[in-house]
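Peer 1: Input: one structure, supplied below.
The values are calculated or read from the model by the stated rules, or taken from the named source; none is laboratory data. Model, not experiment: these values are computed from the prediction. Here the Cβ positions follow ideal geometry from the backbone for every residue, glycine too, while neighbour counts run over all protein chains shown. With ligands, DNA and RNA removed, areas are computed over all heavy atoms of the protein, side chains included. Shrake-Rupley method; radii C 1.70, N 1.55, O 1.52, S 1.80 Å.
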Amino acid sequence: MRGYLVAGNWKMNGSAASIDALMTGIIAGAPVSSGVEVLVCPPFPYLSSVAAHVAGSSVALGAQNVSQYKSGAFTGETAASMLRDVGCKYVIVGHSERRALLGETSEIVAEKFQAVLDVSLQPILCVGETLAQRESGQTQLVIDEQLGTVLSSSGVDAFANAVIAYEPVWAIGTGMTASPEQAQDVHRYIRAILEAASETVAAGVKILYGGSVKGDNASGLFSKPDIDGGLIGGASLKSADFLAIAAAAATLS
Ligand code: 13P
């Protein structure tokens, strides 16, 4: 079976001291279950210190962004090979905050997705619609464009080594979680797009839900057949809250 992935996207939060405390809590309480992988994605400056925390544990390390370029004169950018070097296993690409606030197009996201695969790390591709897009019935069109751009440039087999995160923009940081049924509908739609290209790849790919996941709604979401875990923002910043979500996955696995 696919198993669950419970991933913390810390965004631009934390300090050396707070991250030390957070990691001590996460390492102490992470579920020991072969059916759940726990992942933390700190800001770049803390990757190495968090790598030291996760060493020897089952908790995985990921980054929140990456350059689409391999190396060279790109001041301020971070190459995928560097993320591999410091111990990352996963890299988030195409988060809606980067698309909306930092001008990332689907074409750039597709280049980043491939850059991650090129160094044998796993991209976590974020897709999702805004409230206006949902209310005007464009959810599927948005998914078609965001997923389709990556699918046509990297090919379906790339998704054998990738994760997808469905994050409706209207649910991020708002407390307005998508209902398990709303999320499941879109997750099914995403998997069906991949199924049309490869049933095997579609059956194996993890599709995470993100957007106001908490300890008390995780179980309802994760029990849906096409929801394979969560990409957690706010609730990943407190170990007890994050571990409650990981425990919900462990109970279901
Ligand atoms: P929240 O869990 O804070 O809604 O954030 C979700 C998210 O954007 C994770 O990438």
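Peer 1: In region 208-230, which residue that is within 14 Å of the ligand (Cβ to nearest atom) and polar (S, T, N, Q) is most open to solvent (accessible area, probe 1.4 Å)?
Peer 2: Among those residues, the one meeting the criterion is N217.
Peer 1: Looking at region 79-92, can you tell me whether even one residue there is closer than 22 Å to L125 by Cα, over 19 Å from the mean Cα position of the chain (by Cα) and acidic (D, E)?
Peer 2: Yes, because at least one residue in region 79-92 is closer than 22 Å to L125 by Cα, over 19 Å from the mean Cα position of the chain (by Cα) and acidic (D, E).
Peer 1: Within region 157-170, take every residue that is over 18 Å from E195 (Cα atoms) and crowded, with 23+ Cβ neighbours inside 10 Å and give me the one that is nearest to the ligand (Cβ to nearest atom).
Peer 2: Kept after step one, since they are over 18 Å from E195 (Cα atoms), are these residues of region 157-170: 167-170.
Remaining after also requiring crowded, with 23+ Cβ neighbours inside 10 Å: 167-168.
Numbers: E167: 5, P168: 10 Å.
Among them, the one singled out is E167.
Peer 1: When region 49-74 is examined, which residues are found to be surrounded by 14 or more Cβ atoms within 10 Å (Cβ to Cβ), farther than 19 Å from F242 by Cβ and of a type in the set (S, T, Y)?
Peer 2: S67, Y69
Peer 1: Among the residues of region 171-180, are any under 16 Å from A7 (Cα atoms) and modelled with pLDDT under 95? Before you say what the answer is, go through the steps one by one.
Peer 2: First pass over region 171-180, keeping only residues under 16 Å from A7 (Cα atoms): 172-173.
Remaining after also requiring modelled with pLDDT under 95: 172-173.
Checked against the condition, which is being under 16 Å from A7 (Cα atoms) and modelled with pLDDT under 95, region 171-180 yields at least one hit.
Peer 1: May I pose another question? Report yes if some residue within region 192-207 is aliphatic (A, V, I, L, M), within 15 Å of the ligand (Cβ to nearest atom), at pLDDT 95 or above and open to solvent by 10 Å² or more (accessible area, probe 1.4 Å); otherwise report no. Spell out how you get there, then give the answer.
Peer 2: Going residue by residue through region 192-207, those that are aliphatic (A, V, I, L, M) are 192-194, 196-197, 201-203, 205, 207.
Imposing the further condition that a residue be within 15 Å of the ligand (Cβ to nearest atom) reduces the set to 207.
When the remaining residues are screened for being at pLDDT 95 or above, the result is 207.
The next check asks that each one be open to solvent by 10 Å² or more (accessible area, probe 1.4 Å); those that pass are none.
The answer is no; no qualifying residue exists.
Peer 1: Another one. For region 119-131, what are the residues that are over 14 Å from A171 (Cβ atoms) and more than 17 Å from the chain's Cα centre (by Cα)?
Peer 2: From region 119-131, those over 14 Å from A171 (Cβ atoms) are 119-125; that's our starting set.
Within region 119-131, V119 is the sole residue that qualifies.
Peer 1: Additional query: Looking at P180, is it open to solvent by less than 10 Å² (accessible area, probe 1.4 Å), within 16 Å of the ligand (Cβ to nearest atom) and out of contact with any Cys (no Cβ under 8 Å at 6 or more places or on another chain)?
Peer 2: Details: open to solvent by less than 10 Å² (accessible area, probe 1.4 Å): no; within 16 Å of the ligand (Cβ to nearest atom): yes; out of contact with any Cys (no Cβ under 8 Å at 6 or more places or on another chain): yes.
Spelling it out, it is not the case that P180 is open to solvent by less than 10 Å² (accessible area, probe 1.4 Å), within 16 Å of the ligand (Cβ to nearest atom) and out of contact with any Cys (no Cβ under 8 Å at 6 or more places or on another chain).
Peer 1: Continuing with the same structure: Go through region 75-109 residue by residue and tally those that are part of a loop (DSSP other than H, G, I, E, B) and either among the acidic types (D, E) or open to solvent by 80 Å² or more (accessible area, probe 1.4 Å) (or both).
Peer 2: Pass one, region 75-109, residues part of a loop (DSSP other than H, G, I, E, B): 75-79, 86-89, 94-95, 102-105.
Those left that are additionally either among the acidic types (D, E) or open to solvent by 80 Å² or more (accessible area, probe 1.4 Å) (or both): 75, 77, 89, 102, 104.
Number of matching residues: 5.
Peer 1: Report, ordered by the first and then the second residue, all pairs with beta carbons closer than 9 Å, sequence separation of six or more or different chains, a first member in region 78-89 that is of a type in the set (D, E, K, R) and modelled with pLDDT of 95 or more, and a second member that is open to solvent by 30 Å² or more (accessible area, probe 1.4 Å) and in a loop (DSSP other than H, G, I, E, B).
Peer 2: So the pair list comes out as R84/S120.
Peer 1: Residues that are outside any strand (DSSP E or B), open to solvent by less than 10 Å² (accessible area, probe 1.4 Å), more than 15 Å from the ligand (Cβ to nearest atom) and touching a residue at least 40 places away in the same chain (Cβ under 8 Å): does region 233-246 have at least one?
Peer 2: Within region 233-246, the first condition is being outside any strand (DSSP E or B), and the residues that meet it are 233-246.
Cutting the leftovers down to open to solvent by less than 10 Å² (accessible area, probe 1.4 Å) gives us 235-236, 242, 245-246.
The next check asks that each one be more than 15 Å from the ligand (Cβ to nearest atom); those that pass are none.
The answer is no, given that none of the residues of region 233-246 is outside any strand (DSSP E or B), open to solvent by less than 10 Å² (accessible area, probe 1.4 Å), more than 15 Å from the ligand (Cβ to nearest atom) and touching a residue at least 40 places away in the same chain (Cβ under 8 Å).
Peer 1: Now a separate question. Those residues that are in a helix (DSSP H, G or I) and of a type in the set (S, T, N, Q), I need them from region 181-223; list them, please.
Peer 2: Residues of region 181-223 in a helix (DSSP H, G or I): 181-197, 199-204, 218-222.
Correct list: Q182, Q184, T200, S219.
Peer 1: Of all residues in region 1-21, which are open to solvent by 10 Å² or more (accessible area, probe 1.4 Å) and farther than 30 Å from G204 by Cβ?
Peer 2: M12, N13, G14, S15, A16, A17, S18, D20, A21 - these are the residues of region 1-21 that are open to solvent by 10 Å² or more (accessible area, probe 1.4 Å) and farther than 30 Å from G204 by Cβ.
Peer 1: Identify the residue in region 125-156 that is hydrophobic (A, V, I, L, M, F, W, C) and open to solvent by 10 Å² or more (accessible area, probe 1.4 Å) and, among all such residues, is farthest from the ligand (Cβ to nearest atom). Full working, then the answer.
Peer 2: Keep residues of region 125-156 that are hydrophobic (A, V, I, L, M, F, W, C), which gives 125-127, 131-132, 141-143, 147, 150-151, 156.
Narrowing further to those that are open to solvent by 10 Å² or more (accessible area, probe 1.4 Å): 131-132, 141-142, 151, 156.
Working: L131: 14, A132: 18, L141: 21, V142: 16, L151: 21, V156: 24 Å.
Across region 125-156, the extreme among qualifying residues is V156.
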